Amino acid sequence: MKPSNSITELGVIMRPGMYVRRAKKSVEGDNIPKEKENTISNMKIGIKQLEIQAKIGVYNHEKNVTQPLFLDIIITIDQNHKIENDDLSTTIDYDTLWKSAQNLADSAHFNLIETYVAKLGNIILNDTRISHVTINAQKPQAIKSAQAAFVSIECARS
């Protein structure tokens, strides 16, 4: 006759000859470590496919006209507050990123997407809470046979 399996109180199937190490039961006075409070070392925040109108391009047909740019802006914020914090003043408002992008585009004509994106990265890094920014910019009207031309940059606080 085959020895039978048994099921422990934890739902583990025990076979004959198996050894199970039980957890040590705490006794009054044992120092059981409390759960650590989680904090965020850094957080990424961003906007995807933000459409702005910009005067951008080197060709004559691009001068004095606006055309769309689509931006992905991803910032890294160094955090030192608890995860439970629910206060807008401790983070970056998306609206601020959008306004920075559009205000820069409204300020001048840019020959190159690269120039626009680099300046935007520097503006965003003026906020000392931001340690890193990645910006992907797409110019959909750049090449007729392509969905878009694009530039991607990463800027970090030095």
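Observations on the structure shown:
- Test result for Leu69, over 13 Å from the mean Cα position of the chain (by Cα) and modelled with pLDDT of 90 or more: yes
- Meets criteria (closer than 23 Å to Thr128 by Cα and either hydroxyl-bearing (Ser, Thr, Tyr) or modelled with pLDDT of 90 or more (or both)) for Thr96: yes
- Selection count where residues are in contact with an Asp or Glu (Cβ under 7 Å, 6 or more places away or on another chain) and either exposed (fewer than 14 other Cβ atoms within 10 Å of the Cβ) or of a type in the set (A, V, I, L, M, F, W, C) (or both), scope the stretch 136-149: 0
- Qualifying residue in the stretch 139-158 (condition: in a helix (DSSP H, G or I) and not hydroxyl-bearing (Ser, Thr, Tyr)): no
- Every test in (1) more than 21 Å from Asn42 (Cβ to Cβ); (2) modelled with pLDDT under 95 is passed by Asp87 save one, and that test is (1).
- Selection of the stretch 98-118 for residues being exposed (fewer than 14 other Cβ atoms within 10 Å of the Cβ) and of a type in the set (Gly, Ala, Ser) yields Ser107, Ala108.
- So Ile77, is it at pLDDT below 95, surrounded by fewer than 12 Cβ atoms within 10 Å (Cβ to Cβ), among the β-branched types (Val, Ile, Thr) and within 16 Å of the chain's Cα centre (by Cα): no
- Some residue of the stretch 120-136 being more than 16 Å from Asn42 (Cα to Cα), out of contact with any strand residue (DSSP E or B) (no Cβ under 8 Å at 6 or more places or on another chain), free of Cβ contacts under 8 Å to residues at least 60 places away in the same chain and outside any helix (DSSP H, G or I): yes
- For the stretch 101-121, a residue qualifies if it is under 18 Å from the mean Cα position of the chain (by Cα) and not aliphatic (A, V, I, L, M), and exactly one does: Gly121.
The values are calculated or read from the model by the stated rules, or taken from the named source; none is laboratory data. Keep in mind that this is a model prediction, so the values were computed, not measured. Every residue, glycine among them, receives a Cβ derived from its backbone with ideal geometry; neighbour counts consider all protein chains shown.
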